[in-house]
Amino acid sequence: MRKVLNCISHILIFAAVIPGCVLAEEPLLHETIRKGGLQALDWLMIGIYAGVILGIGWAYSRKQTSTEEYFLCSRNMGSFIIGISLTASILSTISYLSKPGEMIKYGPTDLWSVVAIPLYYFAVAYLIIPAFMKLRITSAYELLETHIGLSVRLCGALIFILTRLSWMALLIYLASKSVVVMFGWPASVIPYVVIATGLVSVLYTTIGGLRAVVVTDMLQFFTLMAGALFTMAIITIKMGGVGEWWPDSWMPNWKPQPLFSFDLHVRATVTGAIVYPTAYWLCTAGSDQMAIQRYLSTRDVKTARRAFLITSLSQAVIIVLLAITGMALLGFYRSVPSYRALGDALYTEADYLFPNFIATYLPAGIAGLVVSGIFAAAMSSVDSGINSVVSIISVDFIDRFKRHEHTKKHDVSLAKYLVLGIGVAIVLISAIMDKVPGNITEVTSKTNGLFVGPLFGLFFMALFVPYASSFGTIIGAYYGLLAAGLVAYWDVLTGDGGLSFQWITAISLVVHIFAGVLLSLLPVPENRKYAALWWIVGAITPLVVGAVLIII
């Protein structure tokens, strides 16, 4: 096995021959953080990168003649670029930092999430995508009005907006905190880094529309992957081969992670590692405008299905690549005396060992490239999220209720102003993201993960429950959201130990569907006064029951 690993190490060293030449003059495993932070060459690379993506946005700005082009690229995008764009959008800084951090702190159980890929691929590709592609829509939530009613459409649009605002605020905060940690800047600098990151994302999204978003997503995706590959290559060079950092036994800091447990207090299991991404991707790919907007921008069902296949395959590559990056970082830091001496304290900030490595050990120029990769992950998600949120506000609220016809030029201008407004909103919301406890993986599940189950539940009811009613569907979503909050914040609500983040989405989805199906069987009174009372009783009942259970 060691011979195989050493053979791989030679390939990595060959791929990194140029940075290897730079590193040859540096002391092995040096233990001092680079003084002065970013070097001139790093700033030059970051500046070039920002200039390129802004240039792409400007180049496509002259093609924005209608909202269909602005939001859907005139429905003529190819499968490869859309597949990579969706991957880059969902991947984000959250995954870029959390997956290596999860590997470092808790072990390789997260690799089992690869098993989930064929499960959600076939469900999305052959059930969900055809349902959307046969409709000439811009907003995914138009389908909800067609099948159930306007109130369900507005409910779905609102849940989506809340989902993406919290998600974008979280990832832009994490990207900014990573940069501050990397270069030893004070925490007071974080808001300024947030503003700078948001500004660039908003600018090229505003002027270029979805076409600029998907093209820059391609650039950002490969920059991101290059950063991880450079990190593994340089660690391999410094340590003298892959076999020097590859773990040959279960690390002492990795907690036991069983195949399955009925105890929801167990943080992670193999089963949970499969269920969590299956539920998340099924819900996201089947109800999130950011994903559905990608399908709708392609020519037909076949192209959209092929695009999602590319997304699914690239997800497998990313999961494995970032997990191995985490292994490399763990082996590296355990070999450095000053970090090894920290003991368990080394793993408390496992999510930020990757940024620390960038600041401490990467040579000038390469550090700038990886910093660009981290910002790329944030911006590829922020740009997609903003574009999707604005499309929903424009189509589901403004266009749905406007009283007068507007020119295409007016609609595009309004969309661009909305982009700016949403950009300001996520910068402001990011200021409170440090209040949610847990590592990056857990924080993501406790914020964005609260909404994805109930959001997909609306589409499940619309597509697969013929007798679904507005009352049953909306109250079911409400119950699902309460269930997600109960699992996510069980420790806060009860004072007991926390429940596993792996089950938040799945439990909320099951609760929504179960409640929605049953409540849709109940007749809602036609009298408005009694109907309102019906809705109030439906909303209050779970709160009373939940309070009694918590007290007991």
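Scan region 328-346 and report the pairs whose first residue is surrounded by 13 or more Cβ atoms within 10 Å (Cβ to Cβ) and aliphatic (A, V, I, L, M) and whose second residue is modelled with pLDDT of 80 or more and outside any helix (DSSP H, G or I), with Cβ atoms within less than 6 Å and a gap of 6+ or a chain change.
A328/W245
Mind listing whichever residues of region 322-379 are of a type in the set (D, E, K, R), under 26 Å from the mean Cα position of the chain (by Cα) and modelled with pLDDT under 85?
The one that is of a type in the set (D, E, K, R), under 26 Å from the mean Cα position of the chain (by Cα) and modelled with pLDDT under 85: E349.
Condition check ((1) buried (at least 18 other Cβ atoms within 10 Å of the Cβ); (2) at pLDDT below 90; (3) within 27 Å of G438 (Cα to Cα)) across all residues:
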{"residue": "I235", "(1), (2), (3)": "yes, no, no"}
{"residue": "V242", "(1), (2), (3)": "yes, no, no"}
{"residue": "P247", "(1), (2), (3)": "no, yes, yes"}
{"residue": "N253", "(1), (2), (3)": "no, yes, yes"}
{"residue": "Q257", "(1), (2), (3)": "yes, yes, yes"}
{"residue": "D263", "(1), (2), (3)": "no, no, yes"}
{"residue": "A268", "(1), (2), (3)": "yes, no, yes"}
{"residue": "A273", "(1), (2), (3)": "yes, no, yes"}
{"residue": "Y276", "(1), (2), (3)": "yes, no, yes"}
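Got a sec? Which of L458, L450, L481 is under 15 Å from L150 (Cα atoms), in a helix (DSSP H, G or I) and of a type in the set (A, V, I, L, M, F, W, C)?
Result: L458 is the single residue among L458, L450, L481 that is under 15 Å from L150 (Cα atoms), in a helix (DSSP H, G or I) and of a type in the set (A, V, I, L, M, F, W, C).
Can you name every residue in region 134-166 that is at pLDDT below 85 and either of a type in the set (V, I, T) or part of a helix (DSSP H, G or I) (or both)?
I137, T138
Which of the following residues is closer than 25 Å to G107 by Cβ and among the basic types (K, R): R299, R340, R306?
R340
The values are calculated or read from the model by the stated rules, or taken from the named source; none is laboratory data. Because the structure is predicted, anything quoted here is derived from the model rather than measured. Every residue, glycine among them, receives a Cβ derived from its backbone with ideal geometry; neighbour counts consider all protein chains shown.
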